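Beneath this line is the structure, given in structure tokens, with notes to follow.
A short reminder: the numbers here are calculations on the coordinates, not readings from a lab. Bear in mind the structure is a predicted one, so any value in this text is a computation, not a measurement. Note: ideal-geometry Cβ built from the backbone for every residue, glycine included; neighbour counts use all protein chains shown.
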Amino acid sequence: MLKEFRDFAMRGNVVDLAVGLVLGVAFGNIVNSLVNDVIMPPVGLLLGNVDFSNLFFVLKPGSPLGPYLTPELASEAGAVIVQYGAFINTLISFIIVAFAMFLIVRGMNRLRKQPPADPTTKACPHCLSEIPIKATRCAYCNSKL
């Protein structure tokens, strides 16, 4: 059973999947940093100094009663909160990752396309038989091309 598992784990597909997963996690971290550290601060500034990661509303206050300035303070007080700002950040991250993956798949598909091969035959204009493209006379009707 151990040998079967080793053979399964060492297949090309599984190794490729593992490499893809590790790269995906690293790429996800890069995108999260891009969204949280580069994109959202200017967007928040344009919207009037809004920090999206601190947007939340309280469903049930904790002890001591609010107002709570950050989700962390609300959680420490035992309040039940909905962090819709974190959801907005995650949604933007997803859109960026999806667009980046679209561009990668699109590029890979373009690389896979083989250019059409040059034709090796042509049709005789007189008898419409297929003849070599370099032929100067038709092999079927003997007409000059």
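Largest mean-square fluctuation among PRO61, PRO125, PRO71, in a Gaussian network model of the chain whose springs join Cα atoms under 10 Å apart, belongs to PRO125. Note on the chain: GNM, Cα springs under 10 Å; of ASP51, ASP16, ASP118, the largest mean-square fluctuation is that of ASP118. Cross-link partners for LYS122 among the lysines, with Cα-Cα distance under 18 Å and sequence neighbours closer than 8 places in the same chain left out: LYS134, LYS144. Pairs of Cα atoms nearer than 8 Å and 6+ residues apart set the relative contact order; for segment 43-145 it is 17 percent. Shown here: Cα Rg over 2.2 N^0.38 Å, derived from the displayed model; of the candidates (i) 2.15; (ii) 2.07; (iii) 0.98, it corresponds to (i). In this structure, the amide hydrogen of ILE81, modeled 1.01 Å from its nitrogen in the peptide plane, lies closer than 5 angstrom to those of LEU59, counting only residues at least 5 positions away or on a different chain. Nearest 500 deg cm²/dmol is fine: what mean residue ellipticity at 222 nm does the chain get from its DSSP H runs of n ≥ 4 alone, each adding -39,500 (n - 2.57), divided by its residue count? Taking each H run of at least 4 residues, the total per residue is -16000 deg cm²/dmol.
What residue among SER129, SER75, SER93 shows peak mean-square fluctuation when the chain is described by a Gaussian network model with Cα springs under 10 Å? Of SER129, SER75, SER93, the most mobile in the Gaussian network model is SER129.
In this structure, the amide hydrogen of LYS122, modeled 1.01 Å from its nitrogen in the peptide plane, lies closer than 5 angstrom to those of ILE131, ILE133, counting only residues at least 5 positions away or on a different chain.
For LYS60, the aspartates and glutamates whose Cα comes closer than 18 Å to its Cα, not counting residues fewer than 8 places off in the same chain, are GLU72, GLU76. Screening the chain for whole DSSP H helices of 15 Å or more along their axis (Cα) with average Kyte-Doolittle hydropathy at least 1.0 returns 12-33, 84-112.
Scalar couplings 3J(HN,Hα) for segment 48-65, obtained by applying the Karplus form with A = 6.51, B = -1.76, C = 1.60 to θ = phi - 60°, are x, 6, 8, 9, 4, 5, 9, 8, 7, 9, 8, 8, 9, x, x, 10, x, 5 Hz; x denotes Gly and Pro. Other residues within the sphere of radius under 15 Å centred on the Cβ of GLU130, judged by their own Cβ, net out at +3 (K and R +1, D and E -1).
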